[in-house]
Structure formats: C-alpha cells, structure tokens
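The values are calculated or read from the model by the stated rules, or taken from the named source; none is laboratory data. Computed from a prediction, not measured in an experiment: that's the story for all the values here. Note that we place each Cβ from the backbone using ideal geometry, even for glycine, and neighbour counts take in every protein chain shown. Calculation scope for accessible area: heavy atoms of the full protein, side chains included, ligands and nucleic acids excluded. Shrake-Rupley method; radii C 1.70, N 1.55, O 1.52, S 1.80 Å.
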Amino acid sequence: MKLLSILFVTFILALIGSKLIQGSWDFLFAGNLGMAVFIIFTGFSHFKFQKGMALMIPDFIPAKLFWVYFTGIIEIAAGIGLMIPSIREITAILLIIFYVLVFIANINSSKKNVNIFKGDYSGQGMDYLYKQRLPMQIILIVWTWYFGIYLN
C-alpha cells in the first residue's frame with residue numbers, strides 16, 4: 001500500500017498546483033497525472049526488480065524476463081497515454097484490463113510467497129494478497145475508470 005502514496009501525493013500536489021496556476025481545481029488533470037506517475041514508477045520497477053517480478057509469473061508461461069520487461073514498457077506507455085487527451089480513454093480501458101490480468105500474477109506470487117524486492121520466496125503470502133494487494137488493485141481500477149473514462 002506504500003505505493004499508493006505516490007498516487008495520492010502526486011494527485012494532491014497536482015490539484016494544488018492547478019488551483020494556484022489556473023485558479024481552479026483541475027481534478028481530471030490531477031487524477032490522471034497521479035495515475036501516470038504511479039504507473040510509470042511501477043513500470044521502471046520492472047527493470048530494477050526483474051528477478052522477483054519473474055518469480056511472480058505462473059510456471060506455464062515461458063520467457064519470464066521478456067514478460068517482465070514487456071509489461072514494464074506497457075506500464076510506462078500507459079502512464080504517457082493517460083496524459084494525452086485523445087488516447088486517454090482507450091489507454092484507461094486497456095489499463096483496467098491490464099490490472100485485472102496482472103492480478104492473476106499477484107495471486108500466483110502470493111501462493112508462492114514471492115518477495116519481489118529480494119527476488120526470493122520470503123514474501124507475506126496470501127495475507128498480503130487479501131489485506132493489501134486486492135484493496136490496492138480495486139483502488140487502481142476504480143481510479144483509472146473515474147479519471148480516465150468517467151470524467152474524460
């Protein structure tokens with residue numbers, strides 16, 4: 001859940017910045033910037049914690065490092081796409097689908113007690129999934145829908 005602080009802090013700073021610069025609260029901009037910074041940050045983490053990320057991927061999927069890097073690039077591209085009004089909605093739709101699909105890897109990693117930061121099996125397991133990852137995933141999906149589709 002610490003990752004969500006990136007989303008919330010960026011949102012609040014962008015909201016305050018929009019009020020100071022434009023004279024009005026720009027929720028659409030702030031919400032999408034918050035998610036863009038969050039998802040770009042997590043995209044770059046795929047290149048720093050690739051070993052742990054590879055352990056998350058189900059065993060039946062080959063070329064695990066390829067998928068780690070590929071999904072990192074997708075996340076960075078999604079962050080950029082959220083900031084381009086003409087492609088924001090389709091980016092948000094695809095990002096929501098991505099969040100659902102990635103949750104499958106989160107289930108797998110929790111079952112295997114993967115610790116992505118250490119790249120080993122010392123993670124928190126299913127407790128982490130239910131108490132942290134699932135609520136975070138719901139927040140990410142709702143946030144992306146609200147700011148990327150509903151307000152768009």
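Values for this structure:
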| read-out | value |
| --- | --- |
| Hits in the range 1-40 (condition: closer than 15 Å to Y99 by Cβ and either open to solvent by 60 Å² or more (accessible area, probe 1.4 Å) or among the aromatic types (F, W, Y) (or both)) | F38 |
| Count - residues of the range 1-14 that are over 23 Å from S86 (Cβ atoms) and assigned to a helix (DSSP H, G or I) | 8 |
| Residue within the range 49-62 that is within 26 Å of F11 (Cα to Cα), open to solvent by 60 Å² or more (accessible area, probe 1.4 Å) and not aromatic (F, W, Y) present | no |
| Identity of the residue in the range 78-118, polar (S, T, N, Q) and not in a helix (DSSP H, G or I), that ends up most open to solvent (accessible area, probe 1.4 Å) | N113 |
| The one condition in (1) farther than 15 Å from L7 by Cα; (2) over 12 Å from the mean Cα position of the chain (by Cα); (3) not charged (D, E, K, R) that G148 fails to fulfil | (1) |
